[in-house]
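*Asks:* Before I ask anything, here is the structure I am working with.
The values are calculated or read from the model by the stated rules, or taken from the named source; none is laboratory data. Computed from a predicted model, the values in this text were never measured in an experiment. Cβ sites come from the backbone with ideal geometry, for glycine too, and all protein chains shown count toward neighbours. To get the accessible areas, we keep the full protein, side chains included, count just its heavy atoms, and leave off ligands, DNA and RNA. Shrake-Rupley method; radii C 1.70, N 1.55, O 1.52, S 1.80 Å.
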Amino acid sequence: MAGDDIKQQIRELLAAHNAVLLAHNYMRDEVQEIADITGDSLALSMEAAKTEADVIVFCGVHFMAESAAILSPEKKVLLPRPDAGCPMADMVTVEELEALKEKHPGVPVVTYVNSSAEIKAHSDICCTSANALKVVRSLKEDELIFVPDRNLGRWVARFVPEKRFVFWEGFCPTHERMTVAAVMQKKSEHPDALFICHPESAPEVSALADHVCSTSGMYDYCRASSAKRFIIGTEAGILYKLRLENPGKEFILASPALICPNMKLTSLEDVLYSLQTMSPVVTVTEEVRVRARQALDRMLAVPRD
């Protein structure tokens, strides 16, 4: 079936089921193109919760669909590729986290949203890559446990030397594959380019950056910048919207290794089949949902300014 025919069928089924189609910034270009909303993982779930849709079709990975189910328990959440997981989210289990909490009684757990619903439910507060620093600064305690991304945690810790961090040694394999050597090669090839990277990058890579920010922050930064060339240090899927929004600017991927196999699993055919069968459905038990929602709500209560 031709791509245009698939897209038309998807749009017809979305209307028939009163469904909203979400696509993460790292999805394939053709999936982002047809989505109703594109963006960061938690922002997508928050936007979907505001809609009148009965069904959320989440083109992303499993923990993202769980977040949608946490925030919109009255809606049906579909994940077209249930095998789309997140290795970093899988690097921490409830049992391991609880054992660490026992070693540090009374120390709050700050959990990156790139984690399972169960891990969120066993945390005190969540954070995103965009607000992690503000979340950490909002805590009255001098010590905290940061889960699961050691790189994001260490990036935040640079700005709050007065606090002590217990880091979970998790990481994003895709960002971890971006090396100093690869970045320096691109910088030598394009000396006029600004290097922007995600805080999930290794500390030695982040140290080379002109700006470190979330994917949504990259869109804002590149849109506002007068620079004409950028080296982008995050998953390749972000290039689609960057190029779409900035036709007069050039965007160069910092490393060919910046491709997440899980983010690239979802195809238009998967989306179509999901809408045809109204499956696979992602659910979160009410006990876990309520506790995870508390951690998210505490994050949302942190003043933005």
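*Asks:* Tally Lys and Arg at +1 and Asp and Glu at -1 over the other residues with C-beta under 14 Å from the C-beta of VAL160: what net charge comes out?
*Replies:* Residues near VAL160 contribute +3 overall.
*Asks:* Out of residues 5 or more away from CYS127 or on other chains, whose amide H comes under 5 Å of its own, with H placed 1.01 Å from N in the peptide plane?
*Replies:* THR111, TYR112, VAL113
*Asks:* Per the 1.4 Å probe, what fraction of the accessible area of the stretch 8-69, in percent, lies on carbon and sulfur atoms?
*Replies:* So the carbon and sulfur contribution to the accessible surface is 45 percent.
*Asks:* Using θ = phi - 60° and the Karplus form 6.51 cos²θ - 1.76 cosθ + 1.60, what ³J(HN,Hα) does each residue of the stretch 111-127 get, whole Hz, x for Gly and Pro?
*Replies:* Taking θ as phi minus 60°, the curve returns 10, 4, 5, 6, 7, 6, 4, 5, 5, 4, 5, 9, 10, 8, 7, 9, 8 Hz for the stretch 111-127.
*Asks:* Given a 1.4 Å probe and every protein chain left where it sits, what share in percent of the accessible area of the stretch 105-222 is carbon and sulfur?
*Replies:* The computed percentage sits at 53.
*Asks:* Now for a separate question. Leaving out same-chain residues fewer than 8 places away, which lysines sit with a Cα under 23 Å from that of LYS228?
*Replies:* Straight-line reach from LYS228, under 23 Å: LYS186, LYS187, LYS241, LYS249.
*Asks:* Also, quick follow-up: Is the C-alpha gyration tensor of the chain telling us rounded, prolate or oblate? Criteria: a/c under 1.5 is rounded; beyond that, a/b larger than b/c is prolate, otherwise oblate.
*Replies:* oblate
*Asks:* A further question on this structure: Search the structure for amide H atoms under 5 Å from the amide H of VAL77, placed 1.01 Å from N in the peptide plane, and list their residues when 5 or more places away or on another chain.
*Replies:* Those lying under 5 Å, H to H, from VAL77 are ILE56, VAL282.
*Asks:* Taking a probe of 1.4 Å, how large is the accessible area per residue of the chain, in Å²?
*Replies:* Computed with neighbouring chains in place, this is 43 Å² per residue.
*Asks:* Excluding residues on the same chain fewer than 8 positions from LYS101, give the lysines whose Cα lies under 20 Å from its Cα.
*Replies:* Hits, sequence-local ones excluded: LYS120, LYS140, LYS163.
*Asks:* So, one more: Let a ≥ b ≥ c be the square roots of the eigenvalues of the Cα gyration tensor of the stretch 14-59; is it rounded (a/c under 1.5), or, if not, prolate (a/b larger than b/c) or oblate?
*Replies:* Since a/c reaches 1.5 but b/c is at least a/b, the shape of the stretch 14-59 is classed as oblate.
*Asks:* Pick out, from PRO80, ALA69, VAL20, the residue whose Cα sits farthest towards the positive end of the charge dipole of the stretch 1-87, with +1 on the Cβ of Lys and Arg and -1 on the Cβ of Asp and Glu.
*Replies:* Toward the positive end, the furthest listed residue is ALA69.
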